[in-house]
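These notes concern the structure reproduced below.
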Amino acid sequence: MVTAVDLIEDWIEMRSKLQRQLKVLEAGEMYRGDKISDATTTATVARLKKCVSELNELLKEYGRASKP
């Protein structure tokens, strides 16, 4: 059975990976070749930031609910 703690641990791991990807994209450290435009990268950064924000909200909600 999956518990709230299991979900929280998964979300923390996902958030860490997304934050690492954001750092790479924002620093321009990813080789994009000629197929990925600046606009696409900018849009990707915005989407990833939104995902991180959503995960932060989930962690707040479930963190409060899982405390005795």
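The values are calculated or read from the model by the stated rules, or taken from the named source; none is laboratory data. Note that the structure is a prediction, hence the values are computed from the model and not measured. Positions of Cβ are backbone-derived with ideal geometry, glycine not excepted, and every protein chain shown enters the neighbour counts. Ligands, DNA and RNA are excluded from the accessible area calculation, which covers all protein heavy atoms including side chains. Shrake-Rupley method; radii C 1.70, N 1.55, O 1.52, S 1.80 Å.
State in Å² the accessible area per residue of region 20-68; use a 1.4 Å probe, count heavy atoms of protein chains only, and round to the nearest integer.
Numbers: 4040 Å² over 49 residues.
With the other protein chains kept in place, region 20-68 gives 82 Å² per residue.
Can you compute the helix-only [θ] at 222 nm over the chain? Use -39500 (n - 2.57) per DSSP H run of at least 4 residues, normalise by all residues, nearest 500 deg cm²/dmol. Could the numbers behind the result be given before it?
Numbers: 2 runs with 52 residues, N = 68.
Roughly -27000 deg cm²/dmol at 222 nm, from the helical runs in the chain.
Which trypsin sites (Lys or Arg not before Pro) does the chain hold that lie in a coil by DSSP with at most 12 other beta carbons within 10 Å? Numbers along the way, then the final one.
Working: sites: 15, 17, 20, 23, 32, 35, 47, 49, 50, 60, 64; in loops: 32, 35.
Here the sparse-neighbourhood loop sites are 32, 35.
Taking only the alpha-carbon atoms of the chain, what semi-axes of the equivalent ellipsoid follow from 5 times the gyration tensor eigenvalues under a square root, in whole Å, largest first? Write out the running numbers ahead of the final one.
Working: eigenvalues 196, 24, 14 Å².
Here the semi-axes work out to 31, 11, 9 Å.
Among the GluC sites (Glu not before Pro) within region 4-45, which fall in a DSSP loop and have no more than 14 other Cβ atoms within 10 Å of their own Cβ? Could you put the intermediate results ahead of the total?
Details: sites: 9, 13, 26, 29; in loops: 29.
The qualifying sites are 29.
Would you please name the chymotrypsin sites (Phe, Trp or Tyr not before Pro) within the chain that are DSSP coil residues with at most 16 other C-beta atoms within 10 Å of their C-beta? Could the numbers behind the result be given before it?
Numbers: sites: 11, 31, 62; in loops: 31.
Those that pass, being in a loop and sparsely packed, are 31.
Suppose every Lys and Arg Cβ carries +1 and every Asp and Glu Cβ carries -1, with no other charges. What dipole size does the chain come out with about its Cα centre, to the nearest 20 debye? Working shown, then result.
On the way: 12 positive and 11 negative charges, 29 e Å.
The dipole of the chain has a size of about 140 debye.
Under 18 Å Cα-Cα from residue 60, which lysines qualify once same-chain neighbours fewer than 8 residues away are excluded?
Qualifying lysines at Cα under 18 Å: 49, 50.
Taking only Cα atoms, what is the 0 to 90° angle, nearest 10, from helix 4-27's long axis to the longest principal axis of the chain?
20
Going 7 Å from the Cα of residue 7 toward and past its Cβ, which residues in region 29-68 have a backbone nitrogen under 14 Å from where you end up?
55-67
Once phi is turned into ³J(HN,Hα) by the Karplus curve 6.51 cos²θ - 1.76 cosθ + 1.60 with θ = phi - 60°, what whole-Hz value does each residue of region 44-51 show in order, with x for glycine and proline?
So the Karplus estimates, Gly and Pro as x, are 5, 4, 4, 5, 5, 4, 5, 4 Hz.
Label points 7 Å out from Cα along the Cβ direction at residue 19 and residue 56: separation in nm?
Once both label points are built, they end up 1.0 nm from each other.
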